[in-house]
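The structure appears right after this line, and notes come after that.
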């Protein structure tokens, strides 16, 4: 199948086959694609939590308004943004670039100053919102990668972030949960949308040519 065919195949799966786990190699491919996702400045101000423990998934399901996919998934991805863009995190980022590219960190001074100026101009709420938006770039890549692997995935904002953060100990990690993504295989017998026609705007209505 082509990439476009895979995107037509995917949808936000409402029910998954509980006893059909996604093979780890496919999970790993989705994780790697997510790691390589686009990110403003390349900063990646977020982390990806991979949860496969069934007892923990049951606790998360209760926090997520008992949505069935979380109880049925074999792997749940949690996209968690930094709570704050601290100077230490920014320094670590630029030191890592310098190390990976084999250049002195001083060569990145202008770039670093620009990033610090941009992020430093934001108040705490705006800074977190910007970082949370970055997680959605990674989420989009994860959804596309799942489609390529023919793995169903359902992006979810329907959960209590504060409760999930407490359950996973995210505050101690300097993180806040933003969006979650259960992976699995569609349960066609119980999902009313499994065979429904995909509905999107036509190209003519979607594209505005100027």
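Assorted remarks:
- Between helix 124-148 and the chain there is an angle of about 50 degrees, using the helix long axis and the longest principal axis of the Cα atoms.
- With R₀ fixed at 22 Å, the C-beta to C-beta distance from residue 194 to residue 21 puts the FRET efficiency at about 0.70.
- The simple Förster model, with R0 at 25 Å and r as the Cβ-Cβ distance, assigns residue 36 and residue 204 a FRET efficiency of 0.15.
- Nearest-0.05 FRET efficiency for residue 7 and residue 62, computed from C-beta distance (R0 30 Å): 0.40
- Global form of segment 24-159, assessed from the alpha-carbon gyration tensor, a/c cut-off 1.5: prolate
- Alpha carbon centroid spacing (whole Å) that separates segment 7-25 from segment 89-104: 38 Å
- Zone of residue 49's modelled label, taken as backbone nitrogen in segment 139-156 under 15 Å from a point 7 Å along Cα→Cβ: 156
- The C-alpha atoms of the chain define a longest principal axis, and helix 54-63 lies at about 80 degrees to it.
- As a rough footprinting exposure proxy, the listed residues 16, 114 were ranked by other beta carbons within 10 Å of their own, and the order from fewest upward is 114, 16.
- For segment 46-77 and segment 133-176, distance of Cα centres in Å: 10 Å
- Listed peptides 71-84, 128-141 by packing density, highest first (mean Cβ within 10 Å): 71-84, 128-141
- Rounded tilt (10° steps) of 87-101 against the dominant C-alpha axis of the chain: 90 degrees
Every number in this text was worked out from the coordinates using simple rules, so none of it is lab data. A quick note: this is a predicted structure, and the numbers were derived from the prediction, not measured. Reconstructed Cβ throughout: ideal geometry from the backbone, glycine too, with neighbour counts over all protein chains shown.
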